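Enquirer: I'd like to ask you about the structure that follows.
The values are calculated or read from the model by the stated rules, or taken from the named source; none is laboratory data. None of these values were measured; they are calculated from a predicted model. Note that we place each Cβ from the backbone using ideal geometry, even for glycine, and neighbour counts take in every protein chain shown.
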Amino acid sequence: MFDNLSQRLQQTVAQLTGKGRLTEDNIQEAIRNVRIALLEADVALPVVKDFLETVKSRAIGAEITQTLNPGQAFIKVVSDELTALMGTANSTLNLKAQPPVVILMAGLQGSGKTTTAAKLAKLLIDQEKKTVMLVSCDVYRPAAIKQLETLALQLNTPFFASHSHEDPATIAKAALTAASNQGCDVLIVDTAGRLHIDTDMMQEIKTLHEVMQPTETLFVVDSMTGQDAANTAKAFNDALPLTGVILTKTDGDARGGAALSIRQITGKPIKFIGVGEKIDALEAFHPDRMANRILGMGDVLTLVEEAKRKIDEKQAQKVAKKIQKGQFDLQDFRDQLKQMQDMGGMGSLLKKLPMGLKLPQSAVDDKMFVQFTAMIDSMTLQERRYPALIKGSRKIRIAQGSGTQVPDVNRMLKQFMQMEKMLKKFNKKGSMKNMMRQMQGMMPPGGMPGGLPPF
């Protein structure tokens, strides 16, 4: 998200750099650029107006300290206001109610509601250690019931069976009883969606809400619909006491207007964002971290949290010992590639890095890493352990076995050697400090935006 907005804001900061003070004259063009960027991001016009008024009043005449240049001072103001616009802090689910805690999912058809119900179950199982039951009350789409059942089976979590001839409220009550009897901590209820808001739809979900008395009522909306997402959320909020919003398909949304509009228009927090198609591609929404991403400061905290959850610590220690002994091989290289893929791929990782640490676009080729994995899978165990054995005829066999060409195999071996060399340097005494100095050299002049100190 926010690709164009990020680019424009970074250009704006560059234009302000070198000024001694933020005045109405030198900030006017910056405000104009931000306005254009927000409108292009499909942020609702009333939100844009309020946001810019606040930014302008705070920025004009702001004294520049010894550690801040005007560009950094301006971006600090923008960062604070973006965070406030999106909700200041992460709004967590209320899981302290009497179990089973009922979470009701609402939204239009096509928003990704059924998949999101399963993603939320996965998150609660893995991160909160909860027992979760799933149930579908979408009696109009038998395929949706089957889809949720399949996802529940994939998660190995309880699923309450329902059928298209049943009444949604009856299904919901029976599921609540079953969840209670089975000792489930959470019951997630998927509901029917429509192509547009209509009276029948609203009445049905109101009835479900009255029957279930959910602790959380979450509105699931496609972020790519921009400010329309915020307007639809408002319509649902007028009919239901929503407790929060889940934005889906944010990985395909380059604008981000929904994320910047929903909180102010509905008054409800964004609690989660969908960041991909995989069952674990759901993240808690942190306004401050998202503001950092928009402004090119990265999101290292989320990256670290992801690493803790998805990287096998024992395997990492094992690889570290092998590196220290000079025994890092192609099987270890394959394991590292697999871990990157589990964390959303190289592209996802790089989006969370500060702009000063970005790699060239050529390094963000996840398809290439898939190819690398296929090549290593086509090798013998001996070749994986002793890469030096891989010469002419072996390269041809590996290329044929992986559906690639010999130059591709050469490229993979070169990448492996570069990684091996880097890891050896990394493990030498004092090399951590040297690596951090190198990273600092890649940072923009003045360190991190917003006055954050460099490494």
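Enquirer: Run Gly403 past the list (1) exposed (fewer than 12 other Cβ atoms within 10 Å of the Cβ); (2) at pLDDT below 75 and report the number of the one that doesn't hold.
Expert: Looking at each condition in turn, Gly403 falls short on (2).
Enquirer: Hey, another quick one. Among (1) touching a residue at least 12 places away in the same chain (Cβ under 8 Å); (2) not in a loop (DSSP other than H, G, I, E, B), which single condition is Leu242 missing?
Expert: For Leu242, the exception is condition (2).
Enquirer: Collect the residues in segment 245-257 that are free of Cβ contacts under 8 Å to residues at least 40 places away in the same chain and surrounded by 20 or more Cβ atoms within 10 Å (Cβ to Cβ), keeping them in residue-number order.
Expert: Across segment 245-257, the qualifying residues are Val245, Leu247.
Enquirer: Are any residues in segment 248-280 small (Gly, Ala, Ser) and closer than 19 Å to Leu151 by Cα, and if so, which ones?
Expert: Taking segment 248-280 first, the residues small (Gly, Ala, Ser) are 252, 254, 256-259, 261, 267, 274, 276.
The answer is Gly274, Gly276.
Enquirer: If you don't mind, another one. Please specify each residue of segment 184-227 satisfying the condition of being touching a residue at least 40 places away in the same chain (Cβ under 8 Å), polar (S, T, N, Q) and assigned to a helix (DSSP H, G or I).
Expert: Correct list: Ser223, Gln227.
Enquirer: Count, please, the residues in segment 147-183 that happen to be free of Cβ contacts under 8 Å to residues at least 40 places away in the same chain, surrounded by fewer than 19 Cβ atoms within 10 Å (Cβ to Cβ) and farther than 21 Å from Ala281 by Cα.
Expert: So the answer is 11.
So that you can scan it fast, the table gives a plain yes or no per residue for (1) assigned to a helix (DSSP H, G or I); (2) modelled with pLDDT under 85; (3) touching a Ser or Thr at 6+ places or on another chain (Cβ under 6 Å); (4) farther than 30 Å from Leu187 by Cβ:
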| position | (1), (2), (3), (4) |
| --- | --- |
| Asp50 | yes, no, no, yes |
| Thr54 | yes, no, no, yes |
| Ala62 | no, yes, no, yes |
| Leu93 | no, no, no, no |
| Pro99 | no, no, no, no |
| Leu104 | no, no, yes, no |
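Enquirer: OK, next. Is at least one residue of segment 267-280 surrounded by fewer than 22 Cβ atoms within 10 Å (Cβ to Cβ), modelled with pLDDT under 85, in the same structural domain as Glu210 (by TED's automatic domain parsing) and among the acidic types (Asp, Glu)?
Expert: No, segment 267-280 contains no residue that is surrounded by fewer than 22 Cβ atoms within 10 Å (Cβ to Cβ), modelled with pLDDT under 85, in the same structural domain as Glu210 (by TED's automatic domain parsing) and among the acidic types (Asp, Glu).
Enquirer: Any residue that is surrounded by 23 or more Cβ atoms within 10 Å (Cβ to Cβ), out of contact with any Leu (no Cβ under 7 Å at 6 or more places or on another chain) and closer than 25 Å to Lys268 by Cβ - is there at least one of those in segment 97-107?
Expert: Among the residues of segment 97-107, at least one is surrounded by 23 or more Cβ atoms within 10 Å (Cβ to Cβ), out of contact with any Leu (no Cβ under 7 Å at 6 or more places or on another chain) and closer than 25 Å to Lys268 by Cβ, which makes the answer yes.
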